[in-house]
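The values are calculated or read from the model by the stated rules, or taken from the named source; none is laboratory data. Because the structure is predicted, anything quoted here is derived from the model rather than measured. As a convention, Cβ positions derive from the backbone with ideal geometry for all residues, glycine included, and neighbour counts pool all protein chains shown. Side chains included, ligands, DNA and RNA excluded: accessible areas come from the protein's heavy atoms. Shrake-Rupley method; radii C 1.70, N 1.55, O 1.52, S 1.80 Å.
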Amino acid sequence: MTTIATALRAMSADIPFAIFLATIAYFRWQVVASSPVPPGLDGGNWLALGHSILGSHARSSSILYPPVVPVLTVMLASIFGPLKGTEILAVLSTIAPAAGTYVLLRRPLGLRAALLAGLLAPAATTGEAAAWGGYPQLLGLGLLPLVLWALEHFLATQSLRWAVVSSSVIFGALATSDLIGPVAVAIAFVYLVLRILLMERSARPRRSLLEFGLITAPSLGLLPIYLALLGGVLHNEATKTSSQHVTLANFQPSLDNYLKDNVAFWHLVLIIALLTPIILLIRRNHPLATAATATLVPAIALILTLREIRFVFVLPIAIAIGLGAWWTLTINSRRQVASSFDRVLVATMALVLLVESALGIATFHQQVQWYSSLTPSTVTALEQLDRLAPRGAVLAVSPAAAHEDGWPLGRWVEGLLDRPTYYASDLEWLNYPDERRRASIANEMFSPSQGVSGAVTMARAIGISYIIVATGWPGYRQWVSSSPSLEGATVVIQSDSMLILATSG
């Protein structure tokens with residue numbers, strides 16, 4: 001009977017939280033499905049990588065990436081079609097950070113965990129990543145709190161079972177996201193060190209080196225992927241001069257842009273989370289305070305040293321954990337005033353969650369519009385080309401019709417058509433030499449100095465069969481007018497958004 005009562009008490013939080021996540025997913029789906037094409041550009045990249053992993057030869061075998069999301073994208077595409085499958089993955093990935101954080105907070109906080117973890121589901125940081133196609137990042141963020149959850153169970157039980165669970169979750173994070181996976185490893189390391197140092201000596205785990213080896217050993221199988229990625233990033237000269245780097249001058253506006261659903265609120269709770277290490281001065285053996293500290297320290301250190309703004313996406317998870325750590329002090333206090341304050345907090349956070357959900361969904365609509373680059377007429381033109389072009393045909397693709405020049409429409413072309421593709425792109429987004437080589441050639445083809453005739457001549461010289469141009473691309477008019485001769489190429493498809501030339505004439 002006691003077991004049943006315990007299960008029912010747990011479900012009293014689980015069921016409302018599941019309903020809340022389903023509601024957020026529904027409203028996000030309404031935003032995504034309002035357009036017949038998925039938002040962003042990276043969805044096409046996951047399709048192309050998935051085809052490559054599953055045996056396609058359209059891409060160089062030197063291009064490696066953690067396999068979970070590319071394979072999952074292709075699986076969903078095979079069931080629902082590439083566009084609908086990508087949209088489903090976009091929506092599902094947005095609830096992953098909240099779900100993972102809830103699991104971590106559930107035992108110490110009960111229903112309050114739903115109020116804190118729920119903030120992550122509609123947050124602007126979550127919507128931003130979904131809008132550009134950062135599904136690996138979002139799913140990785142969902143696994144990050146589970147790493148801390150599994151490690152805490154491992155430290156508490158010192159059992160082989162939880163060592164295996166910890167190992168599996170860390171491996172999953174590394175196999176999902178090249179950005180969040182390594183961060184999860186760093187956070188896990190800091191967490192283990194802090195927890196062991198702050199524990200009573202008699203409670204510290206035995207055979208710690210052997211157990212740590214069990215936790216980390218399977219992840220070594222992913223080492224070739226990360227060595228290749230690291231080598232590519234280190235040799236990418238474009239990243240060294242990137243305007244996207246975080247500096248003291250642009251950090252505040254960059255941070256505010258990612259917290260734009262409610263900047264004042266997120267600044268306030270970030271300050272509260274940054275104060276969480278104070279709890280460790282009061283209670284050394286406090287898992288949530290340790291987890292918040294272990295999440296904050298690597299994230300902030302990586303932002304400052306690598307100047308990569310995307311590590312900001314870890315901060316909302318640290319915020320939720322930090323708020324949870326402070327809230328447990330109220331819950332565990334025996335004073336009557338603490339009990340009253342707890343009830344006020346529950347009511348206040350329920351209202352905050354309602355407001356944040358409305359603001360987050362409204363912000364998500366803006367984010368999806370900003371990152372939109374694929375259009376229905378573009379997809380129709382590509383479907384026609386798919387029927388027309390031989391399987392081995394080589395393609396060249398202009399930048400996307402987007403708010404900023406340099407966005408790689410070719411990612412969608414490569415993913416949807418599964419053919420060798422040279423696509424114009426800003427080089428800083430490309431990690432591998434083969435990607436940068438093809439992009440450099442495409443960038444030259446679509447430069448104003450080449451024009452149409454120069455692009456056709458270049459394409460023939462390197463065996464490109466079709467030139468695909470988005471007519472809404474910001475540089476299109478100048479490219480067409482500078483040298484308009486087709487040089488014997490023929491227009492095979494022309495629409496309001498797409499011009500496709502066959503170079504063979």
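Assorted remarks:
- Axis of helix 263-274 versus longest Cα principal axis of the chain: the two differ by about 50°, to the nearest ten degrees.
- Sparsely packed loop sites in the stretch 329-400 (the chymotrypsin sites (Phe, Trp or Tyr not before Pro) outside DSSP H, G, I, E and B with at most 14 other Cβ atoms within 10 Å) do not occur.
- Here the label points at Ser482 and Leu160, each 7 Å from Cα along the C-beta direction, are separated by 6.7 nm in the simple model.
- The length gained on full extension between Arg107 and Gln369, counted as 0.36 nm times the residue separation minus their Cα-Cα distance, comes to 90.4 nm.
- Annotation for the stretch 67-89 versus the stretch 135-194: alpha-carbon center distance of 25 Å.
- Packing-based order for 343-351, 82-90, using average beta carbon neighbours within 10 Å, highest first: 82-90, 343-351
- Paramagnetic label reach from Ala362 (point 7 Å along Cα→Cβ; backbone nitrogen cut-off under 11 Å): within the stretch 258-283, residues 261-262.
- Mean Cβ count within 10 Å, highest first, over the residues of peptides 466-476, 122-132: 122-132, 466-476
- Helix 82-94 and the longest principal axis of the Cα set of the chain meet at an angle near 30°.
- Note on Val233 and Asp496: the extension gain reaches 90.9 nm, defined as 0.36 nm multiplied by sequence separation minus the Cα-Cα distance.
- For the chain, the longest principal axis of the C-alpha atoms and the axis of helix 287-306 are separated by about 30°.
- 5 angstrom amide H check on Thr471, placed H, neighbours 5+ away: Met498, Leu499
- Computed E for Ala249/Ile271 - FRET, C-beta separation, R0 22 angstrom, nearest 0.05: 0.55
- Short to long, the 5 Å bins of the Cα pair-distance histogram for the stretch 1-125 hold 2, 10, 17, 16, 14, 13, 11, 9, 5, 3, 1, 0, 0 percent of all pairs.
- The slack between Glu308 and Ala217, meaning 0.36 nm per residue of separation minus the straight C-alpha distance, is 30.0 nm.
- Helix content alone sets the calculated 222 nm mean residue ellipticity of the chain: runs of n ≥ 4 DSSP H residues at -39500 (n - 2.57) each, divided across all residues, give -21500 deg cm²/dmol.
- Note on the chain: antiparallel DSSP beta bridges, both residues inside, total approximately 60 percent of the bridges counted.
- The chain - accessible surface per residue (Å², probe 1.4 Å): 43
- Here the accessible area of the chain is 66 percent carbon and sulfur, with a 1.4 angstrom probe and all protein chains present.
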